[in-house]
Amino acid sequence: MYAVIKTGGKQYKVAVGDEIFVEKIEGEANDTVTFEDVLAVGDDDGIKAGDVKATVTGEIVKQGKNKKVVVLKYKAKKGYRRKNGHRQPYTRVRITAVNV
């Protein structure tokens with residue numbers, strides 16, 4: 001069984017046991033989080049989409065800054081170089097249950 005959830009402006013296809021990186025969620029490690037914005041649920045019978053009465057629960061594994069975006073600017077023969085970086089705060093979540 002899997003579900004498609006929406007959090008942080010993005011959609012994720014998750015199943016029990018998956019670990020995903022989502023936009024920062026308030027909480028500490030080992031806290032339980034519930035995703036109530038479930039867009040679709042799929043199982044052996046097929047896919048149920050639209051107005052789905054389901055929730056997905058997970059456990060926060062780690063809070064942290066895990067991905068870095070680097071912007072480089074360069075102009076040839078002019079000695080102009082710029083390096084600008086940004087680290088987006090992400091949360092690692094382990095999915096524990098898909099409740100339909």
It is to be established whether one or more residues within region 88-100 are assigned to a loop (DSSP other than H, G, I, E, B), more than 20 Å from the chain's Cα centre (by Cα) and not hydroxyl-bearing (Ser, Thr, Tyr).
yes
Does any residue of region 27-42 turn out to be among the aromatic types (Phe, Trp, Tyr) and under 15 Å from the mean Cα position of the chain (by Cα)? yes
Selection from region 75-100 of residues surrounded by 10 or more Cβ atoms within 10 Å (Cβ to Cβ) and without any contact (Cβ under 8 Å) to a residue 24 or more places away in the chain yields HIS86, ARG87
All conditions in (1) surrounded by fewer than 12 Cβ atoms within 10 Å (Cβ to Cβ); (2) modelled with pLDDT of 90 or more; (3) at negative phi are true of VAL61 except (1)
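The values are calculated or read from the model by the stated rules, or taken from the named source; none is laboratory data. Every value quoted in this text rests on a predicted model; they were computed, and no experiment measured them. Neighbour counts are summed over all protein chains in view; Cβ atoms, including those assigned to glycine, are modelled from backbone coordinates with ideal geometry.
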